[in-house]
1. Show me the GluC sites (Glu not before Pro) within the range 57-98 that DSSP assigns to loop and that have at most 16 other Cβ atoms within 10 Å of their Cβ.
2. Pop the C-beta distance of ASN97 and ASP52 into the FRET formula with R0 = 22 Å and round what comes out to the nearest 0.05.
3. Taking the Cα atoms only, what angle lies between the long axis of helix 25-35 and the longest principal axis of the chain, rounded to 10 degrees?
4. Based only on Cα atoms, what mean projected area does the convex hull of the chain have, in nm²?
5. Compute the relative contact order of the range 33-98 as a whole-number percentage, counting only Cα pairs closer than 8 Å that sit 6 or more residues apart in sequence.
6. Could you point to the residue in ALA92, LEU44, ALA79 farthest towards the positive end of the range 8-95's charge dipole, with +1 and -1 charges on the Cβ of Lys/Arg and Asp/Glu respectively?
7. With each run of n ≥ 4 DSSP H residues scored as -39500 (n - 2.57), what mean residue ellipticity at 222 nm is computed for the chain after dividing by its residue count and rounding to the nearest 500 deg cm²/dmol?
8. Could you tally the net charge around LEU44, taking each other residue with its Cβ under 15 Å from the Cβ of LEU44, Lys/Arg +1 and Asp/Glu -1?
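Rule-based calculations on the coordinates, nothing more; no lab input. Predicted, not measured: the structure shown is a model, and the values here were computed from it. Every residue, glycine as well, gets a Cβ built from its backbone with ideal geometry; the counts of neighbours run over all protein chains shown.
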Amino acid sequence: MSELLLNQPEQCTTVRVFNDYGLHARPAAQLAAEARKYAAELTLIHGDTAVDAKSVLDILTLAAPKGTCLVLRACGADAEIALREISRLFDARFQENR
C-alpha cells in the first residue's frame, strides 16, 4: 500500500455475483472500468486471493461463478462512493439478463 494511503480509512463491503455465467469477461471489464474512475485503491477478495479491482485480468483470475460472495475493499478519499457504485453494478447484474 502506498504511503499516501496509510492515513486513509479502509472500508469493506460484501458483494454477490448474481450473473448466471458468473464474473466473466464482460462484467469484469465493466467492473474494472468503474473501479478506474476512483483514486481509491480497490481490491476484490475471494477466500485467500486478493486482486486489483482495476485490472480485468486480475478479476478474471478469481473465476467467480454465480452465487460467489466477494469482499470489496477500498482505501482512499473516494472509497465510500467507489464501494457504493461498484456494489450497484453487482446488484444490477452488470445489466445482463442472465
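1. Details: sites: GLU80, GLU85, GLU96; in loops: GLU96.
Within the range 57-98, the qualifying GluC sites (Glu not before Pro) (loop, at most 16 other Cβ atoms within 10 Å) are GLU96.
2. Details: r = 29 Å, r/R0 = 1.30.
That gives a FRET efficiency of 0.15.
3. The two axes meet at around 20 degrees.
4. Details: hull surface 22.1 nm².
Here the figure is 5.5 nm², rounded to one decimal.
5. On the way: 72 pairs, mean separation 23.5, N = 66.
Once divided by the residue count of the range 33-98, the mean separation gives 36 percent.
6. Going by the charge dipole, the pick is ALA92.
7. Details: 3 runs with 29 residues, N = 98.
Taken over the chain, the calculation gives -8500 deg cm²/dmol.
8. On the way: positive: ARG16, ARG36, LYS54, ARG73; negative: GLU10, GLU34, GLU41, ASP48, ASP52, ASP58, GLU85.
Result for the neighbourhood of LEU44: -3.
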